[in-house]
1. Quick check on the stretch 388-395. Is at least one of its residues in a helix (DSSP H, G or I) and among the acidic types (Asp, Glu)?
2. Of all residues in the stretch 160-194 being among the basic types (Lys, Arg) and in contact with a Ser or Thr (Cβ under 9 Å, 6 or more places away or on another chain), which is farthest from Glu205 (Cα to Cα)?
3. For the stretch 215-256, enumerate the residues that are within 23 Å of Ala169 (Cα to Cα) and of a type in the set (A, V, I, L, M).
4. Does Tyr506 fit the bill of being touching a residue at least 24 places away in the same chain (Cβ under 8 Å), touching an Asp or Glu at 6+ places or on another chain (Cβ under 9 Å) and farther than 27 Å from Tyr548 by Cα?
5. So, of the residues in the stretch 81-112 that are modelled with pLDDT of 95 or more, among the basic types (Lys, Arg) and surrounded by fewer than 23 Cβ atoms within 10 Å (Cβ to Cβ), which turns out to be farthest from Val140 (Cα to Cα)?
6. Among the residues of the stretch 582-626, how many are under 21 Å from Asn566 (Cα atoms), in contact (Cβ under 8 Å) with a residue 12 or more places away in the chain and of a type in the set (Lys, Arg)?
7. Limited to the stretch 563-582, what total is found for residues that are in a loop (DSSP other than H, G, I, E, B) and more than 14 Å from Gly618 (Cα to Cα)?
8. Hey, among Arg480, Arg578, Arg472, Arg533, which residue is closer than 17 Å to Phe415 by Cβ, out of contact with any Leu (no Cβ under 8 Å at 6 or more places or on another chain) and either surrounded by 19 or more Cβ atoms within 10 Å (Cβ to Cβ) or modelled with pLDDT under 95 (or both)?
Amino acid sequence: MKKAMFIGIDGAISKLIRKFDAEGVIPNLSALMRRGSYTDMLSQIPVATPINWASLSTGAVPGVHNVVGFWCHTQGERVDRYTHENAFTNSFVAAERIWEAVERQGGRSVVMKFPGSWPASVKTGCQVDGYCIPSYNQSVLDVAGNGCHSVQDLHLSTRICLRPAEAWANAGFPVQAETEIVLPLKRGLGQLRYFALACGQKGYEQILLSKSRDAAQAFACLRPGDWSDWHRETLDEDLETELRFKLISLSPDGRDLRLYHSQLYPSRGFTKPDELGPRLQERFGPMIEFASPHAWKYGWTDLETCYEEAEYQVEWMSRASELLLTEGPWNFYITQFHWVDHVQHYFLPLVDPVAPSYRKEGEEAAWDVIRQAYALADRYVGELVKLADEDTAVFVLSDHGNICDEYTVSLLPYFIREGFIAMKTDENGKRQIDWSRTVAYPCKPGNADVYISLKGRDEEGCVKQEDYEAVRTRVISALRELEAPDGRKVFDLVLRKEDAVPLGIYGDYAGDIIAVYAQGFSWAGHGGEEWDREDRIFEVSTTAGFDYGAHHGPMMPTAETEVCSNKAFLVAAGCGIRCGYDRLATKLGPVRVIDVAPTICQALGCYPPRQSQGSVIGDFMADQAK
């Protein structure tokens with residue numbers, strides 16, 4: 001068996017890869033494109049993270065691998081109940097993964113932070129992390145998310161208050177005040193508590209952090225813009241964690257104080273074998289899995305701080321990968337980097353003229369942020385490609401693209417207006433859903449599913465079996481008729497579950513109705529923040545608040561503007577791969593995400609995963625050039 005690398009760049013857009021290739025922004029990817037093969041790639045619907053990484057790593061459609069969207073509804077539960085845990089949990093995926101197929105046939109795999117791959121299923125190889133939900137503080141492997149302590153009231157930050165300092169030893173500053181920094185930990189591990197001293201000569205100039213009120217014992221002395229060193233804490237007999245702080249701002253009068261801290265990972269419990277975790281952290285420092293601009297959007301930090309964490313993540317994963325790939329034999333390596341997708345959600349609306357938030361005067365600054373994101377991903381690619389020898393085929397790809405919103409759509413008020421959701425008032429005068437009369441409910445934002453509340457199947461279901469088709473037909477008609485204020489239809493496709501089979505959507509976890517948004521429309525609240533609003537169906541999309549201005553999800557994978565697109569990309573180079581081949585110059589069209597797994601296995605010289613339904617991209621193979 002030969003060797004192959006699978007390097008995933010979440011959300012990277014094919015046409016932006018082209019643009020930045022022409023501009024010289026991504027030299028490592030450009031070199032692979034010149035000596036290999038390149039194409040667009042079509043995602044599965046919904047065009048979302050967990051579903052497409054599952055399809056890419058199994059070669060199977062959602063109806064086979066079970067992941068039908070960002071959220072998972074289990075049949076039999078009340079139709080408004082969903083989780084995202086299953087969508088990112090390896091044991092929920094019902095199809096064999098590439099690394100499992102490789103090891104079944106005698107090879108060895110290395111898995112580095114690949115979404116939905118935890119609990120680890122490698123047997124002869126090794127794995128680092130693998131839950132990787134791209135949402136703040138949702139990891140099941142860390143012991144605390146990153147956070148901010150501020151004297152101001154910031155979104156999801158911890159409010160602190162400076163007060164006169166009490167008996168600090170060895171301080172010696174004429175101006176000083178103190179506060180306590182308390183970090184709650186997950187897994188019943190209690191909390192970390194620190195004393196913080198704001199001090200200076202004429203006003204507050206710096207922050208000291210200590211486990212006690214003793215300046216001589218401080219583990220950090222920070223001025224605005226400073227990072228602390230990593231600070232180690234013992235949580236249990238054989239469990240440690242490390243964190244670092246950055247002082248984002250401190251005004252002389254103390255009215256502006258923002259103290260940011262990193263995500264906290266444990267020394268154990270996130271690798272296989274388990275003893276690999278402490279060894280990696282001792283060599284390369286603590287792991288950070290979640291690097292995102294959300295801290296900037298929440299007002300906790302500047303954007304530079306978020307980028308510094310993404311840089312740290314790239315450096316850590318590069319060095320850890322080098323160790324794992326040089327210590328012993330391997331056949332398959334897989335990884336994923338999410339920073340590009342996070343950046344695009346916020347900044348694409350500032351560069352695409354179709355977006356309501358677009359302003360010509362801010363375009364170039366936003367482009368610089370996006371370029372920087374792609375350049376960082378390219379740096380990661382370059383570090384990994386150094387580890388590929390002449391027997392290695394390298395595949396660099398994305399799971400989907402991204403498209404700008406023009407309108408956000410809240411289906412709950414529409415379903416209430418159409419009589420599909422019934423409301424009542426409780427004894428406190430609060431409106432709530434009357435499940436005895438509610439016949440249909442749309443899944444949480446990001447899925448294409450709409451559920452009929454079927455009696456005998458669903459908890460509190462009220463639709464009789466003999467009325468099921470009539471109710472479903474009414475809901476389908478209402479969705480097809482929904483128009484935006486400008487007269488455009490909101491949905492491109494509204495199908496019965498049975499008719500969505502050609503899209504690869506079927507099985508117990510698919511909705512009774514599949515609704516695919518038209519270009520320019522997205523669901524209100526990327527994570528549901530506005531999902532319970534009851535008054536407005538449509539709003540013009542903006543970058544205000546904490547929602548995104550660009551999305552991917554239950555929309556067409558072919559959606560495209562002059563600037564951005566939902567199309568993913570695939571570049572392959574190295575052993576067994578055709579050189580200098582641009583599939584876009586042919587009439588063959590883009591490949592599908594389910595074609596990647598069998599093509600990688602072809603390059604490896606092994607059979608594809610057992611449930612793979614994709615095809616080998618034959619024209620990417622070197623023998624096709626002869």
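The values are calculated or read from the model by the stated rules, or taken from the named source; none is laboratory data. Since we're looking at a predicted model, the values are computed, not measured. A quick note on method: Cβ atoms are made from the backbone with ideal geometry, for glycine too, and the neighbour counts reach across all protein chains shown.
1. no
2. This residue is Lys186.
3. Across the stretch 215-256, the qualifying residues are Ala215, Ala216, Ala218, Ala220, Leu222, Leu247, Leu250.
4. Yes, satisfied.
5. Across the stretch 81-112, the extreme among qualifying residues is Arg104.
6. 2
7. So the answer is 6.
8. Arg472
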